[in-house]
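In what follows, a structure is listed as structure tokens, so that the remarks can point back to it.
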Amino acid sequence: DAMVIQNPRYQVTQFGKPVTLSCSQTLNHNVMYWYQQKSSQAPKLLFHYYDKDFNNEADTPDNFQSRRPNTSFCFLDIRSPGLGDAAMYLCATSQGRNAENEQFFGPGTRLTVL
Amino acid sequence: GEDVEQSLFLSVREGDSSVINCTYTDSSSTYLYWYKQEPGAGLQLLTYIFSNMDMKQDQRLTVLLNKKDKHLSLRIADTQTGDSAIYFCAENPYSSASKIIFGSGTRLSIRP
């Protein structure tokens with residue numbers, strides 16, 4: 001089945017220790033998104049890739065970076081995690097960026113910062 | 001500004017109808033969505049409605065849109081235990097074609 005896969009599902013890191021979260025897709029979609037979702041809050045878009053074109057949201061901290069080495073994979077790098085970065089991180093994909101394109105979400109990676 | 005508001009919790013008896021309400025601020029939104037998130041899973045698009053419609057029905061789901069009041073609702077008929085989840089309302093502002101603004105989600109719990 002075509003899907004969006006996130007690894008690992010649970011990640012524990014130490015304060016200030018760099019961490020990378022992974023997302024892959026078998027849908028061959030052009031667009032990949034990363035969202036941050038804190039407890040009882042709305043998912044918040046961090047950035048997205050349209051093909052190789054990186055689009056950062058204005059309020060995304062510099063501490064968050066992303067890489068998309070190919071169509072299938074996209075990584076979220078947190079350079080120096082703080083306690084406030086503990087959250088669920090959701091990856092999503094869509095075929096295009098127009099509003100009628102459905103976003104397909106992965107199950108998320110729950111990040112704990114000690 | 002862009003903002004989506006919804007209540008955090010709703011509890012209904014099994015077999016009753018559930019109505020989840022949402023208000024949004026961006027009157028230019030062309031699409032409005034309802035997503036469902038089950039425990040341990042990602043968000044799944046349940047249904048959406050175009051801004052030029054006022055109602056959409058899909059099996060047990062009915063979406064009502066009041067553009068004047070910027071109010072969106074999701075009605076689930078004959079609510080079942082499998083409907084237990086968090087339901088997110090979302091809008092797609094015209095100015096941000098690829099950006100969906102989510103509400104904080106309504107946790108629906110089902111009483112026997």
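Residues in segment A:81-106 that are open to solvent by 10 Å² or more (accessible area, probe 1.4 Å), within 11 Å of chain B (Cβ to nearest Cβ) and in contact with a strand residue (DSSP E or B) (Cβ under 6 Å, 6 or more places away or on another chain): A:Met88, A:Arg97, A:Ala99, A:Asn101, A:Glu102, A:Phe104, A:Phe105.
Count of segment B:44-94 residues, restricted to those that are away from every other protein chain (no Cβ under 11 Å), in contact (Cβ under 8 Å) with a residue 12 or more places away in the chain and open to solvent by 70 Å² or more (accessible area, probe 1.4 Å), is 7. Filtered by the rule that a residue be without any contact (Cβ under 8 Å) to a residue 40 or more places away in the chain, within 14 Å of the chain's Cα centre (by Cα) and outside any loop (DSSP other than H, G, I, E, B), segment A:49-66 gives A:Tyr49, A:Phe54, A:Asn55, A:Asn56, A:Phe64, A:Gln65, A:Ser66. Evaluation of B:Gln37 against the conditions (1) open to solvent by less than 40 Å² (accessible area, probe 1.4 Å); (2) more than 16 Å from A:Phe104 (Cα to Cα); (3) within 12 Å of another protein chain (Cβ to nearest Cβ); (4) of a type outside the set (Val, Ile, Thr) shows that the sole unmet condition is (2). Which condition does A:Glu100 not pass, out of (1) part of a strand (DSSP E or B); (2) at pLDDT below 95, if it passes all the others? Result: A:Glu100 fails condition (1) only. Scanning segment A:37-52 for residues that are surrounded by 15 or more Cβ atoms within 10 Å (Cβ to Cβ) and under 26 Å from A:Phe15 (Cβ atoms) yields A:Gln37, A:Ala42, A:Pro43, A:Lys44, A:Leu45, A:Leu46, A:Phe47.
All conditions but one from (1) of a type outside the set (A, V, I, L, M, F, W, C); (2) over 29 Å from B:Thr30 (Cβ atoms); (3) facing another protein chain (nearest Cβ under 10 Å); (4) open to solvent by less than 10 Å² (accessible area, probe 1.4 Å) apply to A:Thr109; the one that does not is (3). Evaluating A:Trp34 against the criteria (1) open to solvent by less than 10 Å² (accessible area, probe 1.4 Å); (2) more than 15 Å from the chain's Cα centre (by Cα) leaves one unmet condition, (2). Would you be able to say whether some residue in segment A:53-62 is within 11 Å of chain B (Cβ to nearest Cβ) and surrounded by 14 or more Cβ atoms within 10 Å (Cβ to Cβ)? The answer is yes, given that some residue of segment A:53-62 is within 11 Å of chain B (Cβ to nearest Cβ) and surrounded by 14 or more Cβ atoms within 10 Å (Cβ to Cβ). Could we say that A:Cys74 is more than 12 Å from every other protein chain (Cβ to nearest Cβ), touching a strand residue (DSSP E or B) at 6+ places or on another chain (Cβ under 9 Å) and under 22 Å from A:Met3 (Cβ atoms) here? Answer is yes for this residue.
The values are calculated or read from the model by the stated rules, or taken from the named source; none is laboratory data. What you are looking at is a predicted structure, and each value in this text was computed from that prediction instead of being measured. Neighbour counts run over all protein chains shown; Cβ positions are idealised from the backbone, glycine included. For the accessible areas, the whole protein counts, side chains as well, though only heavy atoms, and no ligand, DNA or RNA atoms are used. Shrake-Rupley method; radii C 1.70, N 1.55, O 1.52, S 1.80 Å.
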